[in-house]
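Read the structure below first, then the notes.
Every read-out reported here was derived from the displayed coordinates using simple, explicitly stated rules and does not represent laboratory data. Predicted model only: the values in this text are computed from it and were never measured. All Cβ positions, glycine included, derive from the backbone under ideal geometry; neighbour counts span all protein chains shown.
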């Protein structure tokens, strides 16, 4: 991986050296490694600079950007911490979601507008839940891991479009082959409603599991093929350990 001196990093990122140092002092950039007295930066720092640039271009302040990309250690330490003591569907307002995730409300609105955050439909001013908090923290984890926002959004757009089609198709099948036969049966309205919701819960859990399985298996296979062709022995061994770890988890589940 290439190393950059601060001047080279600034040039590659399209900013001044003073801006790089300012970002570092604010915790927006991870600390560099040092070779003697020379500070050396890597690809992760360059991607972080580009992410900051993209967010600023969208009109976000540096304070909001710091909250989103989690420049300080601990911002992304747990994807699921919010759900430990709270119910799966604990209702949250926008302000409560912002407090829980430490992401400004304006930025949450931006994520909602992009389709990455999808609050529940219905009346009331608390359309969010612990699931939305987890989704935000998962995004923070991806950005904190070095993925650039602009390119991540391009991939996310494909995923969101596909999910919309898959969900619409699944609901259409459910209505036709589960709800309509229940409505045509002789059971009472209350029993029909309970059966319908139970069947939908089963479908939702099964479909969610299948989608996660398909993505994880496909991503692992693609990376494995890439490393077989162009990776080194250590990378292939590390990935194999990860695959084995996942297999053990699945067998014990």
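In the chain, helices alone account for a calculated mean residue ellipticity at 222 nm of -21500 deg cm²/dmol, with every DSSP H run of four or more residues adding -39,500 (n - 2.57). Approximating the spin labels as points 7 Å out from Cα along Cα→Cβ, the residue 171-to-residue 214 distance works out to 1.8 nm. Would you mind calculating the gained length between residue 7 and residue 93 on full extension (0.36 nm times residue separation, minus the Cα-Cα distance), in nm to one decimal? That works out to 26.5 nm of additional length. The calculated FRET efficiency for the pair residue 56 and residue 202, based on their C-beta separation and a Förster distance of 30 Å, comes to about 0.05.
Can you tell me the length gained on complete extension of the stretch residue 25 to residue 159, counting 0.36 nm per residue apart and subtracting the Cα distance?
Details: separation 134, 0.36 × 134 = 48.24 nm, distance 3.57 nm.
Contour length minus Cα-Cα distance gives 44.7 nm.
Against the longest principal axis of the chain, how steep is helix 43-57, in degrees 0 to 90 to the nearest 10, with axes from Cα atoms? In the chain, helix 43-57 runs at an angle near 70 degrees to the longest axis. Once semi-axes √(5λ) of the Cα gyration tensor in Å is calculated for the structure shown, the corresponding label among (i) 27, 23, 17; (ii) 41, 25, 16; (iii) 35, 22, 18 turns out to be (ii).
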